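The values are calculated or read from the model by the stated rules, or taken from the named source; none is laboratory data. Keep in mind the model is a prediction, meaning the values are calculated, not measured. Here the Cβ positions follow ideal geometry from the backbone for every residue, glycine too, while neighbour counts run over all protein chains shown.
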């Protein structure tokens, strides 16, 4: 759902994501790093904002897309695969 362009995040979704993050990832430093990487994804920052990454997000499976474009954000990538 978060991978669709124009997706609007409500309070319930934000709370659920943070609850999942803190329950699935025990290390608080890693939680913080993932939270920062989530912000990069939401703002299409760094590698996420490259034209090929944005054009291909709806054309590949999420796993394949992450393997192609998530290498700067490995902590978030691993969390996404768990979630």
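If residue 8 satisfies every condition in (1) modelled with pLDDT under 90; (2) part of a helix (DSSP H, G or I); (3) loosely packed, with under 13 Cβ neighbours inside 10 Å but one, which is the exception?
That leaves (2) as the condition not met.
Looking at segment 53-83, which of its residues are surrounded by 15 or more Cβ atoms within 10 Å (Cβ to Cβ) and assigned to a helix (DSSP H, G or I)? First the steps, then the outcome.
Step one: of segment 53-83, the residues surrounded by 15 or more Cβ atoms within 10 Å (Cβ to Cβ) are 53, 57, 65-66, 69-70, 73, 75-80.
Answer for segment 53-83, where residues must be surrounded by 15 or more Cβ atoms within 10 Å (Cβ to Cβ) and assigned to a helix (DSSP H, G or I): 53, 65, 66, 69, 75, 76, 77, 78, 79, 80.
Taking into account only those residues within segment 58-83 that are farther than 25 Å from residue 19 by Cβ and touching a helix residue (DSSP H, G or I) at 6+ places or on another chain (Cβ under 6 Å), which is modelled with the highest pLDDT?
69
Could you look through segment 29-44, keep only residues that are within 21 Å of residue 8 (Cβ to Cβ) and surrounded by 14 or more Cβ atoms within 10 Å (Cβ to Cβ), and pick out the one that is modelled with the lowest pLDDT?
We begin by selecting, within segment 29-44, every residue within 21 Å of residue 8 (Cβ to Cβ); these are 35, 37-44.
Filter once more, so that each one left must be surrounded by 14 or more Cβ atoms within 10 Å (Cβ to Cβ): 35, 37-38, 40-41, 44.
Details: 35: 91, 37: 87, 38: 85, 40: 83, 41: 81, 44: 78.
In this case the residue turns out to be 44.
Which condition does residue 26 not pass, out of (1) out of contact with any helix residue (DSSP H, G or I) (no Cβ under 8 Å at 6 or more places or on another chain); (2) modelled with pLDDT of 90 or more; (3) in a helix (DSSP H, G or I), if it passes all the others?
That leaves (3) as the condition not met.
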